[in-house]
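The values are calculated or read from the model by the stated rules, or taken from the named source; none is laboratory data. Every value quoted in this text rests on a predicted model; they were computed, and no experiment measured them. Positions of Cβ are backbone-derived with ideal geometry, glycine not excepted, and every protein chain shown enters the neighbour counts. Remember, those area values only see protein heavy atoms, side chains included, never the ligands or the DNA or RNA. Shrake-Rupley method; radii C 1.70, N 1.55, O 1.52, S 1.80 Å.
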Amino acid sequence: MEEVIFATGNEGKMREIRSILADTYPKILSMKEAGIRTEVTEDGKTYEENALMKARAVAAMATEAIVMADDSGLEVDFLNREPGIYSARYMGESTSYRIKNANLISRMEGVPAEKRTARFVCAIAAVLPDGREMTVRATIEGRIGYEEKGEGGFGYDPIFFVPELGKTTAELTEEEKNLVSHRGKALRLMKEELKKL
Ligand code: IMP
């Protein structure tokens, strides 16, 4: 059974990745667990390019494993799909999400519900031990709320309202979010693609 290394330092993501991939890949390591340290400048123009850059950098140091990496972001239609691939860096990497979320809400002042559409996007890249590369992408559609709601999740979750669920993604449990999220969907897609090989 092949080992998977997921190129992230984020523990929350690792929990999600493990719970979704475990049935097929029992051995999933974070970069830290694999003893790999690398800094990648995410200067690609798409989520896929950024995810591939991260996966390639780790794959260069771990030739026996399937290496995966993700890149994700929030696209707000009314703001020309900002912050998009710059979601983590929006208003500065170290600015709190309280401030980033408040800023997005204020930029949407007076915008009616039907024009508040937004989506989370996630691309996942995989580099296989034989050098083959693949990417998948998935989204979850929602709307920018009028105030922060919910304590779960991270980042922009408190302002991302999913009409079908009547809740923000910050009001979902981790399990509930994994079932519907961009990252959950992309991970399941990647698992299916890898099975076809
Ligand atoms: P990255 O994929 O780790 O580079 O994350 C990109 C950024 O997109 C994060 O730092 C968050 O700001 C935002 N983001 C991505 N996925 C989510 C999510 O599930 N909830 C809230 N914010 C997210």
(request) Confirm whether I144 is in contact with a helix residue (DSSP H, G or I) (Cβ under 9 Å, 6 or more places away or on another chain), open to solvent by less than 40 Å² (accessible area, probe 1.4 Å) and under 27 Å from G44 (Cα atoms). (result) yes
(message) Whether any residue in the range 79-87 is under 10 Å from A7 (Cα atoms) and either in a loop (DSSP other than H, G, I, E, B) or in contact (Cβ under 8 Å) with a residue 24 or more places away in the chain (or both) is what I want to check.
(response) no
(message) Please verify whether L104 is over 16 Å from the mean Cα position of the chain (by Cα), part of a helix (DSSP H, G or I), more than 30 Å from A55 (Cα to Cα) and in contact (Cβ under 8 Å) with a residue 40 or more places away in the chain, treating the condition exactly as stated.
(response) yes
(message) Condition first: among the hydroxyl-bearing types (S, T, Y), near the ligand (Cβ under 9 Å from one of its atoms) and surrounded by 18 or more Cβ atoms within 10 Å (Cβ to Cβ). Can you find one or more residues in the range 156-165 that meet it?
(response) yes
(request) Looking for whichever is charged (D, E, K, R), within 16 Å of the ligand (Cβ to nearest atom) and on the phi < 0 side of the Ramachandran plot here; the options are E42, E64, E33. Which one fits? (result) E42
(request) Mind listing whichever residues of the range 107-139 are farther than 23 Å from K177 by Cβ and part of a helix (DSSP H, G or I)? (result) R107, E114, K115
(message) Is it the case, given these coordinates, that N80 is farther than 21 Å from I17 by Cβ, within 12 Å of the ligand (Cβ to nearest atom) and at pLDDT 95 or above?
(response) no
(message) I'd like the full set of residues that are of a type in the set (K, R) and surrounded by 13 or more Cβ atoms within 10 Å (Cβ to Cβ), limited to the range 1-23.
(response) K13, R18
(message) For the range 102-154: of the residues being of a type in the set (K, R) and under 17 Å from P83 (Cα atoms), which is nearest to the ligand (Cβ to nearest atom)?
(response) R119
